[in-house]
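*Asks:* For reference, the structure I am asking about is given below.
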Amino acid sequence: MALIELKNLTKTYGSGDHLFQALKGINLNINDGEFVALMGPSGSGKSTTMNITACLDTPTSGSYLFKDVAVESLSNRQRTLLRRNYLGFIFQGFNLLSRTSARENVELPLIYRGDTPKSRRIAAEKALEKVGLLNWKNNHPNQLSGGQQQRVAIARAIVTEPSVLLADEPTGNLDSKNSKDIMSLLTNLNQDLGITVVMVTHETEMAEYASRIVHFLDGSIQANEVIDS
Amino acid sequence: MIWNSFLLAIKAIQRNLFRSFLTILGVIIGVAAVITMVTIGRGATQSVSDQISAMGTNMLIVRPGQRRGSGANAPNFKQRDVEQIEQLVESVDGVAPYSTVSAMTIFQSKNYTTVVTGTNNQFFNVRNWPLQSGREFLDAEIRAGKASCLLGTTVRERLFGSDDPVGQNIRVKNFSCKVIGVLSSKGQSTWGSDQDDTIVMPLKTLQRRLTGNNDIDRIAIKVQSSDKITEVQQATLEIVRKSRRLPDNMENDFRVLDMRQIIQTLTGTTKILTMLLGAVAAVSLLVGGIGIMNIMLVSVTERTREIGIRLAIGALEKHVLTQFLIESVVLSSLGGLLGLVLAAGLSILGSNLMGVPYIFDARINIIAFIFSASIGIIFGYVPARRAAKLKPIDALRYE
C-alpha cells in the first residue's frame with residue numbers, strides 16, 4: 001500500500017492568455033520507507049509536486065491520497081494538522097527563525113502541538129543529538145555554519161517524529177562536503193528510523209543517495225529510476 | 001498557548017526596542033494626556049467645592065436684591081427678620097446676621113484699611129470659622145455693643161507682626177477697640193478675595209459707631225442637615241416676605257442663596273471643561289492606536305517568511321492570529337502602563353503649578369489603561385488577520 005498516491009495531478013498558474021501549466025497529469029506512488037529523489041531542470045514541475053505533497057499548495061485537478069485519505073477534501077485546519085503530525089520540512093534556505101537559539105527553533109513545532117516546556121526541551125535535545133549538534137543548542141542561526149543550520153532544520157523536521165521528510169533542495173546552498181554530510185544524515189534517518197524521505201534536487205550526485213529517482217520534464221514524469229545500493 | 005504568544009511578543013518587542021518605543025509613544029502620550037487632564041480637572045473641581053464649603057456647609061445666605069452685585073436699591077434686613085428666622089429652631093443650627101464696612105485700623109505706628117464685620121457669636125459656627133486664640137464675645141458685649149474685636153490673620157500680621165495682639169487696644173476709624181482674640185486662617189475665597197483680611201466685632205458696635213443705622217446686610221443661616229435646606233429656604237422666604245409686607249404679585253426683593261447650588265454651578269463648569277479636555281486627549285490616544293496598526297502591518301510584512309515557516313510546521317491560523325494580536329496588545333498595554341507613570345508625574349507637577357490638590361483618581365487610570373489595551377486589540381486585529389490568512393506557500397516564497 002502506498003503512503004502517498006498522486007493521481008493525474010495538474011497545476012495551472014496564471015489566468016487568461018498567461019496560463020502556465022506546471023503539472024500535466026502526474027501519477028506517482030511513494031511507499032512507506034522509501035527514499036525518493038525528484039529530479040529535473042527548473043520549471044519541470046518537481047517543486048510544484050513537492051509543494052502539493054507537502055500540503056502547502058493545492059492542485060488544479062487530480063487527487064492526492066495520503067494514507068488513503070483524500071487531501072483535497074480536507075479543510076485548511078485539517079491540512080495543517082496533517083502537516084503537523086505526519087510531515088517534516090527541510091528547505092533550501094534552511095528557514096530557521098533568526099535571533100532564536102537552535103534549541104528553540106527545534107522546539108517550535110512542539111509548541112504548536114501543545115507540549116509542556118519540559119517535554120519540549122527533552123525532545124528538542126534528543127533531535128539535536130541525532131544531528132550531532134547538542135553542543136550548539138544555545139547558538140543562534142547566525143552563529144552556525146550553513147551545514148550546521150541545515151542540520152538544525154533537520155532536527156526541527158524530525159522532532160515531531162514524522163512519517164515523511166520533505167526536503168526541497170536541501171543541499172542547494174551548501175558546499176560539497178557539507179552536502180555529503182547532510183545526505184548521509186538523511187540516509188541514516190531513512191534507514192535507521194524508517195522515515196520516508198522525498199527530496200527535490202537537480203544534482204545527480206545527491207539524487208544517487210536515494211533509492212528511487214523520479215525524472216521530471218515539462219510538467220510530466222519522464223522516468224522512474226530505481227537505484228540499487 | 002497564550003503564554004507562549006506573550007513570550008514571543010516580548011521577544012519581538014525586544015528585538016526592535018527603539019522602534020517599539022516610538023510605536024507606543026503615541027499611546028504613552030495619549031494615556032498620559034487623558035489622565036493628567038482629568039486628574040487636574042478633578043483637582044480644580046475639588047478645590048472650588050472645598051473653598052465654598054469652607055465658608056460653611058449646609059449654609060443659606062439671605063441677601064438683598066435679586067441680581068448679583070450690591071443690591072443697593074433693595075432694602076437691607078432688620079433685627080426683627082433675624083429673630084423670626086431664629087424661631088425655626090428645629091431645623092436651624094445658627095443664625096448670624098452680619099454687616100460689613102471698610103475702615104482704617106491703627107495700632108501704634110502701623111495702620112491698615114480692612115473690612116470690619118459686625119455680627120454675633122453664631123457667625124463662627126455658621127461660617128465654620130474657629131478661633132486661633134482668645135475668646136468669643138460675651139453676651140454682655142453683644143447686647144451693649146462693647147468695643148471688642150477679633151482679628152483675621154492678615155490684619156494681625158499687618159498690625160502686630162508676630163506679636164500677640166490679645167489684650168491690646170487698636171483704633172478702628174475713630175474709636176478704640178480691645179482685641180479679645182484671633183481667628184484661624186481661612187485663605188482665599190472662591191472669588192479670590194482674602195477672607196482673613198477682616199476684623200470682627202459685635203453687630204451693635206458696628207451699627208452704632210461705624211454705619212450709624214440698624215441695617216443688616218446679610219443673614220447667614222446654618223441648617224442642621226442637608227435634607228432640611230430646601231424647607232428652611234422656603235420658610236425664610238416666607239418670613240422675610242411677610243416681614244416686608246410684599247404683596248403676592250410682587251417679586252422678592254431679596255434672595256436666599258443655597259451654598260450647595262453655588263457649589264453645583266461652579267463645579268459643574270469645571271466638570272464640563274474637564275470632560276472636554278479629556279475628550280480632546282482621547283483623540284490623541286486614538287491617533288496612537290493608528291500608529292500601532294501601521295507598525296504592526298509593517299511587522300507582518302517584514303516577518304512574512306517567519307509566518308510561512310510557522311504555518312508550514314504546524315501553526316494554525318488562530319496561533320498566528322493570537323501571536324500578532326497579543327504582540328499589539330502587549331505593545332499598547334506597555335504604552336498604557338508607561339502613560340500611567342508619566343501621567344502621575346505630570347498630574348502632580350501640574351496640580352502643584354496650578355495650586356489645586358492632587359487627587360489620584362483610580363477610575364480614570366483603570367479606564368485609560370483598559371482603553372489603551374483595547375486599542376491594541378482593535379488596531380492589531382487587521383494586521384494579525386492579514387498574517388493569519390497568508391497562504392503558507394506564498395509566505396515561504398516571499399523575499
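The values are calculated or read from the model by the stated rules, or taken from the named source; none is laboratory data. Just so it is clear, the model here is predicted, and its values are computed rather than measured. FYI the Cβ positions are ideal-geometry reconstructions off the backbone, even for glycines, and counts take in every protein chain you see.
*Asks:* Only residues that are of a type outside the set (S, T, Y) and assigned to a loop (DSSP other than H, G, I, E, B): list them for the stretch A:49-67, please.
*Replies:* Matches in the stretch A:49-67: A:A54, A:C55, A:L56, A:D57, A:P59, A:K67.
*Asks:* Okay, moving on. Among the candidates A:S73, A:S61, single out the residue that is touching a Ser or Thr at 6+ places or on another chain (Cβ under 7 Å) and either modelled with pLDDT of 90 or more or under 22 Å from B:N4 (Cβ atoms) (or both).
*Replies:* Being touching a Ser or Thr at 6+ places or on another chain (Cβ under 7 Å) and either modelled with pLDDT of 90 or more or under 22 Å from B:N4 (Cβ atoms) (or both) holds for just one of A:S73, A:S61, which is A:S61.
*Asks:* Of these, A:R83, A:R103, A:R77, which one is at the interface with another protein chain (Cβ under 9 Å from one of its Cβ atoms), without any contact (Cβ under 8 Å) to a residue 40 or more places away in the chain, part of a helix (DSSP H, G or I) and buried (at least 21 other Cβ atoms within 10 Å of the Cβ)?
*Replies:* It is A:R83.
*Asks:* Only residues that are in contact (Cβ under 8 Å) with a residue 24 or more places away in the chain and of a type in the set (G, A, S): list them for the stretch A:182-229, please.
*Replies:* A:S184, A:G194, A:A207, A:A210, A:S211, A:G219, A:S220
*Asks:* Within the stretch A:193-229, which residues are within 18 Å of the chain's Cα centre (by Cα) and either of a type in the set (K, R) or closer than 22 Å to A:K67 by Cβ (or both)?
*Replies:* Scanning the stretch A:193-229 gives A:L193, A:G194, A:I195, A:T196, A:V197, A:V198, A:M199, A:V200, A:A210, A:S211, A:R212, A:V214.
*Asks:* Continuing with this model, one more query. Looking only at the stretch A:154-197, filter to residues that are of a type in the set (G, A, S) and part of a loop (DSSP other than H, G, I, E, B); which one of those is farthest from B:I309 (Cα to Cα)? Break it down stepwise before answering.
*Replies:* First, pick out the residues of the stretch A:154-197 that are of a type in the set (G, A, S): A:155, A:157, A:163, A:167, A:172, A:176, A:179, A:184, A:194.
Checking the rest, the ones that are also part of a loop (DSSP other than H, G, I, E, B) come to A:163, A:172, A:194.
Working: A:S163: 19, A:G172: 18, A:G194: 25 Å.
If we take residues in the stretch A:154-197 being of a type in the set (G, A, S) and part of a loop (DSSP other than H, G, I, E, B), then A:G194 is farthest from B:I309 (Cα to Cα).
*Asks:* Name the pairs whose Cβ atoms lie under 7 Å apart, with the first residue in the stretch B:366-380 and within 8 Å of B:S332 (Cβ to Cβ), the second surrounded by fewer than 16 Cβ atoms within 10 Å (Cβ to Cβ) and modelled with pLDDT under 90, and 6 or more positions between them or separate chains?
*Replies:* B:F379/B:I290
*Asks:* Next up: Restricting the search to the stretch B:156-210, which residues are in a helix (DSSP H, G or I) and surrounded by fewer than 18 Cβ atoms within 10 Å (Cβ to Cβ)?
*Replies:* B:E157, B:R208 - these are the residues of the stretch B:156-210 that are in a helix (DSSP H, G or I) and surrounded by fewer than 18 Cβ atoms within 10 Å (Cβ to Cβ).
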